[in-house]
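**Student:** Mind having a look at this structure? Questions to follow.
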Amino acid sequence: MEGVVTTAHGSGGSATGELISDIFAKEFHNDMDDAAVLNTGDGTQIAMTTDSFVVTPQVYPGGDIGRLAVCGTVNDLLMRGSRPLYLTAGFILEEGVSFSLLRRAAHSMAETAAEAGVQIVAGDTKVIEGHTGSEPGLYINTAGCGIMDGWKRPDGTAVRTNIAAENARGGDRILVSGTLGGHHAVILGSRLGIDVDAKSDNAPLTDMVGNLITSGIRIHAMRDVTRGGLGTVLKELAEASGRVFSIRDEAIPVSSAVADFCRMMGLDPLYMGNEGKMVCIVDRRDAEKALAVIRRSRYGQNACVIGEVLEAEERKMPGTVIMKTAVGGERMIGVLQGEGLPRIC
């Protein structure tokens, strides 16, 4: 990798993957996943993650940078099956940021943390010079910690999970927890002055994931659908597991407001960012139960089964995602190429 960093490197697509693999993973000698599962030495396992938030605008329909910071960090911990417990918060403030914006962000973080069942336990603040002619920036970095056996069954016994990207198996069903593209559409619409008639989906998925785990669902993999969109997430999961994913175009949930916005702007919902949606890959015997559990959970009313995992030998193309179209054709799905929407989270 030569040259300089561009906004494409923050898109969550192929350029981001190259940046991570060519620089960070080589130097830090690990896979640089969204969250890591660590052994403490006494048999306890914890999950840790970190994230930074630079969204523009900082306040948008349905949320703000404070709510976003908690949701993004909590959801990364949840996707490994941990129960999130603690967050830290670091604020980088450009000169000129209003106290009203800062108060709103802090209040939103506190409210969302309470909803997600976590505590914000430490923090830091830095003030830097602003950029002449631009809106003063407010940036938030968070770190999160969760415990792997923190979920309890109704009888009080702890549940130990083994949820990882490589665990998808032939015959598994692929579920999406709700309609796609809402956060992306709202952020882009706000920048362009277009009323999208929608709100951001930024939400902590604690209730949803906890209900799945404590219901005894055999969950093999989960991933929150953020930058890069559903297409990128599915491609990464297929490659990690060495399986072939088959999904159906007509099964992918998109609200009418977002669908209209996509047609107007020439966008593909498969590659639009979200901040309160996840992909869940479960044993086929548990698919209907999992769907019912998600739909009963907060933020999961529009969940759908969108496809299945095939054995790689069936198509001789491990790591492939194939979307069956409404007219009977097939479309190969890859990771997001190019810039996407910068500063979406």
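**Student:** So, in segment 70-90, of the ones that are in contact with a Leu (Cβ under 7 Å, 6 or more places away or on another chain) and not β-branched (Val, Ile, Thr), which residue ends up farthest from residue 233 (Cα to Cα)?
**Tutor:** Result: 84.
**Student:** Scan segment 139-186 for residues that are of a type in the set (Val, Ile, Thr) and within 16 Å of the chain's Cα centre (by Cα) and jot them down.
**Tutor:** Correct list: 142, 163, 174, 176, 179.
**Student:** Using the structure shown, decide if residue 235 is modelled with pLDDT of 95 or more, among the basic types (Lys, Arg) and either in the same structural domain as residue 90 (by TED's automatic domain parsing) or assigned to a loop (DSSP other than H, G, I, E, B) (or both).
**Tutor:** Here the answer is no, as residue 235 does not meet what is asked.
**Student:** Scanning segment 228-242 for residues that are buried (at least 24 other Cβ atoms within 10 Å of the Cβ) and out of contact with any Phe, Trp or Tyr (no Cβ under 9 Å at 6 or more places or on another chain), which turns out farthest from residue 300 (Cα to Cα)?
**Tutor:** Within segment 228-242, the match that is farthest from residue 300 (Cα to Cα) is 241.
**Student:** I'd like to know if segment 58-73 contains one or more residues that are within 18 Å of residue 223 (Cβ to Cβ), in a loop (DSSP other than H, G, I, E, B) and at pLDDT 95 or above.
**Tutor:** no
**Student:** Here's something else I'd like to know. State yes or no: is residue 324 more than 30 Å from residue 195 (Cα to Cα), outside the structural domain of residue 81 (by TED's automatic domain parsing), of a type in the set (Lys, Arg) and out of contact with any Cys (no Cβ under 6 Å at 6 or more places or on another chain)?
**Tutor:** Yes.
**Student:** May I pose another question? Hey, can you tell me all the residues within segment 74-96 that are more than 30 Å from residue 219 (Cβ to Cβ) and either charged (D, E, K, R) or at pLDDT 95 or above (or both)?
**Tutor:** Pass one, segment 74-96, residues more than 30 Å from residue 219 (Cβ to Cβ): 90-96.
90, 91, 92, 93, 94, 95 - these are the residues of segment 74-96 that are more than 30 Å from residue 219 (Cβ to Cβ) and either charged (D, E, K, R) or at pLDDT 95 or above (or both).
**Student:** Now a separate question. Mind telling me which of the residues 238, 203 ends up being closer than 26 Å to residue 335 by Cα and more than 13 Å from the chain's Cα centre (by Cα)?
**Tutor:** 238
**Student:** I'd like the residue in segment 286-316 that is closer than 20 Å to residue 244 by Cβ and exposed (fewer than 15 other Cβ atoms within 10 Å of the Cβ) and, out of all such residues, is nearest to the chain's Cα centre (by Cα).
**Tutor:** Applying the filter and picking the extreme gives 311.
**Student:** So which residues in segment 105-158 are basic (Lys, Arg), part of a strand (DSSP E or B) and more than 30 Å from residue 61 (Cβ to Cβ)?
**Tutor:** Scanning segment 105-158 gives a single hit, 152.
**Student:** How many residues, within segment 173-199, are without any contact (Cβ under 8 Å) to a residue 24 or more places away in the chain and closer than 17 Å to residue 79 by Cβ?
**Tutor:** 0
**Student:** Select from segment 101-156 the residues that are in contact with a Pro (Cβ under 6 Å, 6 or more places away or on another chain) and either modelled with pLDDT under 95 or farther than 28 Å from residue 83 by Cβ (or both) and list them in ascending order.
**Tutor:** The answer is 130, and nothing else.
**Student:** Another question, if that's okay. Go over the candidates 294, 322, 306 one by one and state the one that is closer than 21 Å to residue 17 by Cβ and at pLDDT 95 or above.
**Tutor:** Unique residue meeting the criteria: 322.
**Student:** Could you check residue 81 against (1) touching a strand residue (DSSP E or B) at 6+ places or on another chain (Cβ under 8 Å); (2) part of a helix (DSSP H, G or I); (3) of a type in the set (Gly, Ala, Ser) and say which number it fails?
**Tutor:** Of everything listed in (1) touching a strand residue (DSSP E or B) at 6+ places or on another chain (Cβ under 8 Å); (2) part of a helix (DSSP H, G or I); (3) of a type in the set (Gly, Ala, Ser), residue 81 misses just condition (2).
The values are calculated or read from the model by the stated rules, or taken from the named source; none is laboratory data. Just so it is clear, the model here is predicted, and its values are computed rather than measured. In this analysis, Cβ positions are derived from the backbone assuming ideal geometry, glycine residues included, and neighbour counts consider all displayed protein chains.
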